[in-house]
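Notes follow the structure.
The values are calculated or read from the model by the stated rules, or taken from the named source; none is laboratory data. As the structure is a computational prediction, the values presented were derived from the model and not from experiment. Virtual Cβ from ideal backbone geometry, glycine too; neighbours counted across all protein chains shown. With ligands, DNA and RNA removed, areas are computed over all heavy atoms of the protein, side chains included. Shrake-Rupley method; radii C 1.70, N 1.55, O 1.52, S 1.80 Å.
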Amino acid sequence: MEVTTASQSIETANGAEKRDNSPAPVESASDDAPGNKRLKLGSTESPTVDARDKGIARIKPEFLLPKPDKATILAQPDDDDAEAGGTKRKKERGQNKNRRFAKAREVVKFCDSLKDGEGFCKFGKDCKFEHDVEKYISSKPADLDGTCPVFDAIGYCPSGLKCRWLHSHYLAEAGKLIVDEEKKANAGREINRIDRATQNILQKKKFPVPKSDMILPYLDSLKEQDMIGNDGHKTETATKEEKEEKKDLAATYVEPPFLPSEKKTLNLHRAKILSPLTTVGNLPFRRLCRWFGADVTYSEMALALPILQGSKSEWALPRSHTSEIPGFGVQIAASKPWQAVKATEVLTSACETGISGIQDVNLNCGCPIDLIYRSGAGSALLDSASKLIRILKGMNYVSGEVPVTVKIRMGTRDSHPNAKKLVARLVNEGDVAAITLHGRSRQQRYTRVADWDYISETAQIVKDMYEARDEKHKEQRERRKVWFIGNGDSYSWRDWWDAVENYNVDSVMIARGALIKPWIFEEIDARQYLDKSATERLEMIRKFAHFGLEHWGTDEYGINNCRRFLCEFLSFSCRYVPVGILEVLPPKIQDRPPMWRGRNELETLLGSSDYRDWIKISEMFLGPVHESFDFKPKHKSNAYETEG
C-alpha cells in the first residue's frame, strides 16, 4: 500500500463524497471556535427542531454535495488494483473474503526473552531466534519520528528493543534501555491477567472449583418439571423421592450462598453505562469512554468454555485497566449451567474482584448471532427460562461477594415477546443484582427502533412487585432489590435523560451511540449538545491510538493490531454528522444523510466512509502502514452487530 504523510491524507477529504453509510447525527464545530462550543436546543444558533423526512438526516443546503453520476463513480481509480498491477486476487472462500489480517514479520526474528535488554533465554544456543542485539537493531526498518507514546505515558516501554520508536528510550552506546522509575511507579496498569502457570492449570483441567463441584449436582436435580413454565403454570410435579434427593443435596452445603443484598454494593442509579461490545468494545476504547465520563464499562463478551480451557485469546477479553476501576464488569456467554458456573468461579478466583477489580459478572442472554444462538447460548436462553434460572443461581453461589447481573432481549421472535414474564421470575428466583433489557427481539437484531414502551412496561412490573409488599416484608423487599436498566437507541443526552425520567428505568446502557460519539457521556452530564471541533475529534483519535499502543505494544505486530482496531472504530465514528450542519434536531441513529462536506477539510476527512481514508488517518499517529497490513470493513454499511 502506498505510504502517505499526514499532510497528504488531509487532501483526500474528497473521499467523503463517496459515502454510502448511515450517519448518526450529532454535533461538531468549526476549528475556529474556541474549546467546546455548546449548543442547546433552545439556542438561536442551533438547527431548527422540526418535523423530519422519515429516515433522512436533513443537512443545511450549503453543506450538501451534488450526487455524482454512475459514470463518475465507476471512473474512480482503485488504489489497491493499481498497486497490484491490475491483476485480480485469487478467489477466496469463507464468510469474510475481504478481511485478511496478515501478521508483520521481522527480517531477523529477535528472541522475546531478551527484548528488555537484561533477560536471558532458557534455550541458550539452541534457541532458534536471534540473540545478537546489534545485528537485530541493524535489521530493523528506520525508527518512526517522535517519542515513544508508551514510554512517554508510563515511563518505560514493554516492547523494549522491538519498539518502533526505540531511539527515544535506548542508549546505543551503553546498550541500555531507559526507564523513568518515578513515572513507572505512578502509571496505571492492566489487571485481570493470568500468568502462564495458571493458564497451564486451566488447560490441564486442574484448576480447583470446589464451589462449582458442590452446587452443580443440586442444579442438575432441578429438572424442568419442578419449575414454573413460561405460561405461568406448573408442569409435571416431582416425585416424593426426587424431592427428598434435593433436600439431601441442599443439606450438603457447608455455608449458605450470598444473597444479592449481601454482596458488594452495586449502585447503578443513573450511572452512565457503556454496553459490552464485540470487537470495538476493546480496552483502549473503554479507556476512551472513561476519559469522557462513563461510570461503568463491560468487557467484550467472553465465551465460558474457552475461559475454562485457558484460551489466551479469550482471557484477553476480561483484561481491564486501572482507570476502569471501580465500575468494570465481565460479560460471559454459556449454553450449559456447568460452563457458566465454573467460568464464574474461575474468573472471580483468578482475577482481582470488588472495589479493586471485577465489579460484577454479567450473563449475556441477548446475543442474536447465529453461531451463539444455535449453540444454546445468548438469546437462546430466553426460551429456556428454567435453565436460565438454574444458571444464575449457580453463578450467584460461586461468585462470592461479586454480584451477578444479566442482559436480555424482549424475546427471540417479534410476535412472541416474553421478557415481562421472564423478568418477574428473575426478580423472584434469579438471585441477580441487575437486569438489562434491550428493547428489540432476537429476530429484529439491530433493525428498526427499540421498543421503549415495552421496556417501560417491564420496568413498571418490577416496580409494582416491590410496592405490592407491605411494610412487614421490608427485609424481603430489600433482599430482592434489583436494578433495572434499559438499552437501545440511546444516541443523545436527550434520549438518555428521557429514558431515566419517563420510562421507569434506573439507568440506560449505551452501545452504538458511544461508538459513533464517545463524548455522549460528557453531554449527559452537561445536558446539552457539545459541538466538538474537528481538531478535538482528531485529538480523541490520537488518544485512542496511544491507549492502543499501550495495550497491544509498539512493535510492528502491536502497531498493526492497533491500526486495525482504530480503523474498526473509525468505521463507526465516520457516521457522525456534525450538529452544526444539520437543519433538524434531535439527531436519530437510523437517519441517513445525503452526501455532505464538513466546515473544513479535516472535518470532511473524518466523515469519510472510505476505509482508505481511515488508514491514512491512522498514519498520523502510527506511522506509514506496513506492507503486511490489509484492512477492509466487515460490511459496506459499517453497521456491525455488536451489543447483545
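What are the principal axis extents of the Cα atoms in segment 442-572, in Å, biggest first?
Each principal axis gives a Cα extent; for segment 442-572 these are 64, 34, 30 Å.
Points 7 angstrom from Cα along the Cβ direction at L65 and E173: gap in nanometres?
5.4 nm
Report the trypsin sites (Lys or Arg not before Pro) located in segment 505-596 that are in a DSSP loop and have at most 16 other Cβ atoms inside 10 Å of their Cβ, or state none.
R527
Hey, rough spin-label estimate for K128 and M465, points 7 angstrom out along Cα→Cβ, what's it come to in nanometres?
5.7 nm
Would you tell me the accessible area of L216, worked out with a 1.4 angstrom probe on the heavy atoms of the protein chains, in Å² to the nearest 10?
L216 has an accessible surface of roughly 20 Å² with all protein chains in place.
Just how much of I581 is accessible, in Å², when a 1.4 Å probe is used and the result is rounded to the nearest 10?
0 Å²
So between T279 and M214, what do we pick up on full extension, going 0.36 nm a residue minus the alpha carbon distance?
Value of the extension gain: 19.9 nm.
Tell me, in nm to one decimal, what length is gained between E627 and S138 on full extension, where the rule is 0.36 nm per residue of separation less the Cα-Cα distance?
Gain on stretching E627 to S138: 174.1 nm.
Can you tell me what the convex hull of the Cα atoms of segment 292-437 projects to on average, as an area in nm²?
So the Cα hull casts an average projection of 8.8 nm².
Starting from the Kirkwood Rh over alpha-carbon pairs, what translational D in µm² s⁻¹ does segment 356-496 have by Stokes-Einstein at 37 °C and 0.692 mPa s?
Rounded to a whole number, D works out at 209 µm²/s.
Which net charge results when you count Lys and Arg as +1 and Asp and Glu as -1 among the other residues whose beta-carbon is under 14 Å from that of L303?
Once all neighbours under 14 Å are counted, the net charge is +2.
Taking the simple approach of a point 7 Å from Cα along Cα-to-Cβ for both R196 and C121, what is their distance in nm?
In this crude spin-label approximation the distance works out to 1.4 nm.
May I ask you to rank S221, S415, S349 by accessible area, largest first, using a 1.4 Å probe over the protein chains only?
Accessible-area ranking of S221, S415, S349, largest first: S415, S349, S221.
Report the accessible area of K109, computed with a 1.4 Å probe over the heavy atoms of all protein chains in place, in Å² rounded to the nearest 10.
100 Å²
Would you please name the GluC sites (Glu not before Pro) within segment 102-149 that are DSSP coil residues with at most 10 other C-beta atoms within 10 Å of their C-beta?
Listed in order of number, the matching sites are E118.
At 1.4 Å probe size, put L305, L381 in order of accessible surface, largest to smallest.
Most to least solvent-accessible, the answer reads L305, L381.
Per 0.36 nm of contour for each residue apart, how much would the distance between A187 and D453 grow if the chain were fully extended, relative to their Cα-Cα spacing?
91.2 nm
What is the log10 of I(q)/I(0) for segment 116-200, computed with the Debye formula using one identical point scatterer on each Cα and no solvent, at q = 0.11, 0.22 Å⁻¹?
Values, matching the q order: -0.40, -1.15.
Sort D145, D116, D180 from largest to smallest accessible area, using a 1.4 Å probe on the heavy atoms of the protein chains.
D145, D116, D180
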